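Data first, discussion second: the structure below is written as structure tokens.
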Amino acid sequence: MSNQKAKNSILFLTTLGVYLGLVLAGGAAPQVYAHAAMTRNFEIIDEIEFKDDLDKKPDDDRTDINLSVQVYLEDVEQFLAALNSLAQKGQFDAKADSFEVIQSSSLPCVASNKQGSYTPVKFDSRNTVVNPFLERLTKQANYGYSLADCVADPHFNGGEASDSRFTLKQDGSTLTLQIAVRKSSPQSASTLVPALTETFGRFRKNAVPLRQAIIDRTSVRAENDQLFVITRLPRGSLDPLFARDAK
């Protein structure tokens, strides 16, 4: 887990419009969609600073692996429940709609830190009604679920920071969510794999079917000094759960 001892909060200087409300997509042809405040930043990988809106994540030091897994599962469940609700209203079609969101974040390991570096890499969504929920999940994942170690970071003059990268993609057949975090060494990354895997397994016991499906489709692996948590959900694995929920 992260060695970060300082309380971290994130300074968010862009307006993402998470709570602008739901609007139906019009009859125009599918197109890449990005909110006005971020349009110039996506594709050019422009670094910006951002601030936590305090709507979910507490300003505390979360270094407990159980809490990291719990919050991750809750965030994914919340997002899937939102997609299910939109599908029931005819506003989302997993077969036809697609999206891809990529971001990276660095959070300095400094006492009473108030700033971090956020890099929006890509925001490609072809159904605007889904965007508020994509943005919410993106913000929820911007600190890497406290799984990264504090390591030297050139973005902060060699000071230590915890680095993470978030990827969310729906291609019509599979929904994939990936969290990649930087560890202090390959050994630190590989050591955490069995511990995380075992923790996900414990959360499966007595869980509702949706959480069980998420856990069953989640894998953990290490590559060099990076740790990856990957949830890959084929559409066929979610349709029955959503159909049951709708009854």
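The numbers here are math on the coordinates, done by the rules we state, and not lab data. Fair warning: this is a prediction, and the values are worked out from it, not measured in the lab. All Cβ positions, even for glycine, are placed from backbone atoms using ideal geometry, and neighbour counts span all protein chains on display.
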Q: Read phi for every residue in segment 207-224 and hand back ³J(HN,Hα) as whole Hz from Karplus 6.51 cos²θ - 1.76 cosθ + 1.60, θ = phi - 60°, with x for Gly and Pro.
A: 7, 5, x, 5, 5, 4, 5, 4, 5, 4, 9, 10, 10, 10, 8, 10, 9, 6
Q) Contour minus end-to-end for Q178 and I230, with contour as 0.36 nm per residue of separation and end-to-end as the Cα-Cα distance? A) 18.3 nm
Q: Mind ranking 83-90, 148-155 by how tightly packed they are, going by the mean number of other C-beta atoms within 10 angstrom, highest first?
A: 148-155, 83-90
(Q) Using Cβ counts within 10 Å as a stand-in for footprinting exposure, how do K205, K122 rank, fewest first? (A) K205, K122
**Q.** Phi-based couplings in Hz for segment 163-175 (Karplus 6.51, -1.76, 1.60; Gly and Pro marked x)
**A.** 10, 9, 9, 10, 9, 9, 9, 10, 10, x, 10, 9, 9
